[in-house]
Amino acid sequence: MTRPHRIAALVVAAGTGVRAGGDVPKQYRRIGGKAVIAYAVDAMTSHPAIQLVQPVIGPDQQELAAAALGNRDVMTPVAGGATRRDSVIAGLRAIAATGLADHVLIHDAARPFCPPSVIDRLIDALGEAPGAIPVLPVVDTLVALDGSEAPDRTTLGRVQTPQAFRLADIQAAHAAWSSDQTATDDATVLRAAGGAVALVEGDPRLEKLTTAGDLAAADRRLRMRTAVGTGFDVHRLEEGEELWLGGILIPHHQGLSGHSDADVGLHALTDAILGALGEGDIGLHFPPSDMRWRGARSDQFLQHAAAMVSAAGGRIEHLDLTLICEAPKIGPHRAAMRTAIAQMLSLSERRISIKATTTERLGFAGRGEGIAAQAAATLSLPDDLEDSA
């Protein structure tokens with residue numbers, strides 16, 4: 001889409017951040033080895049539609065800002081005021097003085113992780129309205145603390161930043177705002193002046209960092225390590241057994257024999273995930289000597305391994321499964337397997353790969369005596385997990 005307008009970003013970072021604790025305001029605290037404000041600024045400077053970025057800092061924060069921003073290509077930070085609105089006005093004035101922008105994004109440094117897709121949606125929305133804000137739906141049940149009837153959450157949304165405006169309109173709106181009123185955000189100021197504000201889809205990554213716990217959680221998310229595990233499994237083909245493979249039942253004259261449903265694909269995936277976690281193998285968690293697992297569906301094993309990943313604060317990035325057999329042909333069932341595994345793990349199908357091969361009629365698989373599977377799992381895990389040695 002053609003975007004003829006000149007766009008600036010204003011990053012508000014003048015607060016004291018007292019609720020986050022620490023020796024410096026939260027916007028200068030380091031997470032993942034980088035200052036919070038630097039993430040917010042980088043999200044703006046890296047977007048191709050944004051021509052200039054204006055930080056607004058506290059009057060005594062020049063040294064902190066210089067250390068946090070280094071040689072980033074931004075305008076010289078200007079000092080903010082006693083309130084957030086005062087700081088915004090100072091930043092807008094500095095941007096307007098350049099004559100280089102007619103649209104502006106106003107962003108809080110305390111929301112450091114801004115996806116470019118949100119910026120795209122905001123800029124596009126300014127073609128229809130003088131203001132635009134990102135909003136997320138309210139998903140939790142609400143309660144009124146005074147005992148009155150709770151509001152209907154389906155009519156509410158959670159407002160985030162950046163908020164986008166036509167520069168002249170938001171400046172005029174701030175000029176018209178009564179100084180004895182408190183503005184919760186810039187969209188409120190524009191609405192009070194009669195300006196329409198479009199709503200666009202927000203993003204969970206834009207959550208505000210407020211407390212020390214928020215900063216610690218963000219730091220853990222950023223300090224993730226990649227872990228890779230592999231798995232391998234084999235089961236014999238026998239008459240009279242059902243053939244469960246890759247989480248689906250496949251019509252075949254033989255099935256796999258084992259203590260559980262003998263789904264070699266899910267077993268290999270389970271072992272791969274456990275391996276990446278450093279948590280042994282499927283036999284350790286579901287021993288064949290335990291009759292509870294006699295004839296059990298193997299999706300239980302895979303979901304157990306996935307739950308261990310979540311409990312460790314990690315996530316499954318990708319699963320790669322190769323099935324090795326002469327028959328049945330895997331191609332006609334590949335899509336269904338991929339869908340089944342994705343649903344078991346609440347993952348996108350794009351994160352799951354399923355392949356098949358033969359052994360050119362060599363060995364037990366080549367003779368049709370059994371089916372083998374090998375798998376690889378790629379996980380992201382918190383870097384602060386301790387070794388169990």
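Looking at the stretch 85-98, I want the residues that are in contact (Cβ under 8 Å) with a residue 60 or more places away in the chain and have a partner that is among the charged types (D, E, K, R) with Cβ atoms under 9 Å, at least 6 apart or on another chain. Which pairs are those?
Between residues of the stretch 85-98 that are in contact (Cβ under 8 Å) with a residue 60 or more places away in the chain and residues that are among the charged types (D, E, K, R), the close pairs are ARG85/ASP186; VAL88/ASP186.
Working only within the stretch 259-286, note down all residues that are modelled with pLDDT under 90 and either among the aromatic types (Phe, Trp, Tyr) or surrounded by fewer than 21 Cβ atoms within 10 Å (Cβ to Cβ) (or both).
Matches in the stretch 259-286: HIS259, GLY283, LEU284, HIS285, PHE286.
Being free of Cβ contacts under 8 Å to residues at least 60 places away in the same chain and out of contact with any Asp or Glu (no Cβ under 9 Å at 6 or more places or on another chain) is the requirement here; does LEU347 meet it? Full working, then the answer.
On the way: free of Cβ contacts under 8 Å to residues at least 60 places away in the same chain: yes; out of contact with any Asp or Glu (no Cβ under 9 Å at 6 or more places or on another chain): yes.
It is true that LEU347 is free of Cβ contacts under 8 Å to residues at least 60 places away in the same chain and out of contact with any Asp or Glu (no Cβ under 9 Å at 6 or more places or on another chain).
Residues to consider are ALA306, ALA272, ALA276; find the one that is in a helix (DSSP H, G or I), without any contact (Cβ under 8 Å) to a residue 60 or more places away in the chain and touching a strand residue (DSSP E or B) at 6+ places or on another chain (Cβ under 9 Å). If you could, list the steps in order and put the result at the bottom.
Details: ALA272 fails: without any contact (Cβ under 8 Å) to a residue 60 or more places away in the chain; ALA276 fails: without any contact (Cβ under 8 Å) to a residue 60 or more places away in the chain.
Being in a helix (DSSP H, G or I), without any contact (Cβ under 8 Å) to a residue 60 or more places away in the chain and touching a strand residue (DSSP E or B) at 6+ places or on another chain (Cβ under 9 Å) holds for just one of ALA306, ALA272, ALA276, which is ALA306.
Here's the yes/no breakdown for (1) farther than 20 Å from LEU167 by Cβ; (2) more than 22 Å from the chain's Cα centre (by Cα); (3) at pLDDT 95 or above; (4) in the same structural domain as GLN163 (by TED's automatic domain parsing):
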position	(1), (2), (3), (4)
ASP42	yes, no, no, yes
LEU92	no, yes, yes, yes
THR98	no, yes, yes, yes
ALA101	no, yes, yes, yes
ILE106	no, yes, yes, yes
CYS114	no, no, no, yes
ASP140	yes, no, no, yes
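Which one of these does ASP290 not meet: (1) among the acidic types (Asp, Glu); (2) in contact with a Leu (Cβ under 7 Å, 6 or more places away or on another chain); (3) free of Cβ contacts under 8 Å to residues at least 24 places away in the same chain?
Looking at each condition in turn, ASP290 falls short on (2).
Please enumerate the residues belonging to the stretch 236-254 that are part of a strand (DSSP E or B) and either touching a His at 6+ places or on another chain (Cβ under 9 Å) or among the hydrophobic types (A, V, I, L, M, F, W, C) (or both).
Residues of the stretch 236-254 that are part of a strand (DSSP E or B), as a first pass: 236-239, 243-245, 248-250, 254.
Residues satisfying the conditions are LEU237, GLU239, LEU243, TRP244, LEU245, ILE248, LEU249, ILE250.
Yes or no: GLN54 free of Cβ contacts under 8 Å to residues at least 24 places away in the same chain and either of a type in the set (S, T, N, Q) or farther than 28 Å from LEU136 by Cα (or both)?
Working: free of Cβ contacts under 8 Å to residues at least 24 places away in the same chain: no; either of a type in the set (S, T, N, Q) or farther than 28 Å from LEU136 by Cα (or both): yes.
Taking the combined requirement at face value, the residue does not satisfy it.
On the given criteria, is ALA311 farther than 22 Å from PRO251 by Cβ and either of a type in the set (D, E, K, R) or in contact with an Asp or Glu (Cβ under 7 Å, 6 or more places away or on another chain) (or both)? Reasoning before the result, please.
Numbers: farther than 22 Å from PRO251 by Cβ: yes; either of a type in the set (D, E, K, R) or in contact with an Asp or Glu (Cβ under 7 Å, 6 or more places away or on another chain) (or both): no.
No; evaluated as a whole, the condition is false for this residue.
Which ones in the stretch 193-222 are at pLDDT 95 or above and out of contact with any helix residue (DSSP H, G or I) (no Cβ under 7 Å at 6 or more places or on another chain)?
Within the stretch 193-222, GLY194, ALA196, LEU199 qualify.
Just for the stretch 173-192: of the residues that are part of a loop (DSSP other than H, G, I, E, B) and of a type outside the set (D, E, K, R), which one is modelled with the lowest pLDDT?
Ranking the candidates gives SER179 first.
Filtering the stretch 279-291 down to residues that are in a helix (DSSP H, G or I) and not β-branched (Val, Ile, Thr), which residue is farthest from MET344 (Cα to Cα)?
Taking the stretch 279-291 and keeping what is in a helix (DSSP H, G or I), we get 282-285, 291.
Next, from what is left, pick out any that are not β-branched (Val, Ile, Thr): 283-285, 291.
On the way: GLY283: 20, LEU284: 21, HIS285: 19, MET291: 24 Å.
Result: MET291.
I want to confirm something. Restricting to the stretch 1-40 and keeping residues that are β-branched (Val, Ile, Thr), at pLDDT below 90 and assigned by TED's automatic domain parsing to the domain that holds PRO77, which single residue is farthest from ALA125 (Cα to Cα)? Lay out the reasoning, then the answer.
Applying the first criterion (β-branched (Val, Ile, Thr)) to the stretch 1-40 yields 2, 7, 11-12, 16, 18, 24, 31, 36-37.
Filter again for at pLDDT below 90, leaving 2, 16, 18, 24, 31.
Now narrow it down to the ones that are assigned by TED's automatic domain parsing to the domain that holds PRO77: 16, 18, 24, 31.
Numbers: THR16: 32, VAL18: 35, VAL24: 37, ILE31: 32 Å.
Among those residues, the one meeting the criterion is VAL24.
For the stretch 315-339, give me each residue that is hydrophobic (A, V, I, L, M, F, W, C) and crowded, with 19+ Cβ neighbours inside 10 Å. Talk me through it step by step, then tell me what you get.
Keep residues of the stretch 315-339 that are hydrophobic (A, V, I, L, M, F, W, C), which gives 316, 319, 321, 323-325, 327, 330, 335-337.
Listed by number, the residues that qualify are ILE316, LEU319, LEU321, LEU323, ILE324, CYS325, ILE330, MET337.
List the pairs whose first member sits in the stretch 357-370 and is assigned by TED's automatic domain parsing to the domain that holds LYS329 and under 16 Å from ARG236 (Cα atoms), whose second member is surrounded by 14 or more Cβ atoms within 10 Å (Cβ to Cβ) and of a type in the set (Lys, Arg), and whose Cβ atoms are under 8 Å apart, counting only residues at least 6 apart or on separate chains?
GLU369/ARG236; GLY370/ARG236
Does any residue in the stretch 164-190 that is closer than 13 Å to ILE133 by Cα come within less than 6 Å, Cβ to Cβ, of a residue that is of a type in the set (Gly, Ala, Ser) and surrounded by 23 or more Cβ atoms within 10 Å (Cβ to Cβ) six or more places away or on a different chain, and which pairs are these?
From the stretch 164-190, the pairs are ALA164/ALA132; PHE165/GLY131; ALA187/GLY131; VAL189/ALA173; LEU190/GLY131; LEU190/ALA173.
Residue under question is ALA335, and the condition is that it be free of Cβ contacts under 8 Å to residues at least 24 places away in the same chain, touching a strand residue (DSSP E or B) at 6+ places or on another chain (Cβ under 8 Å) and assigned to a helix (DSSP H, G or I); does it hold?
Working: free of Cβ contacts under 8 Å to residues at least 24 places away in the same chain: yes; touching a strand residue (DSSP E or B) at 6+ places or on another chain (Cβ under 8 Å): no; assigned to a helix (DSSP H, G or I): yes.
For ALA335, the condition - free of Cβ contacts under 8 Å to residues at least 24 places away in the same chain, touching a strand residue (DSSP E or B) at 6+ places or on another chain (Cβ under 8 Å) and assigned to a helix (DSSP H, G or I) - is not met.
The values are calculated or read from the model by the stated rules, or taken from the named source; none is laboratory data. Please read these numbers as outputs of a predicted model, since none were measured by experiment. Reconstructed Cβ throughout: ideal geometry from the backbone, glycine too, with neighbour counts over all protein chains shown.
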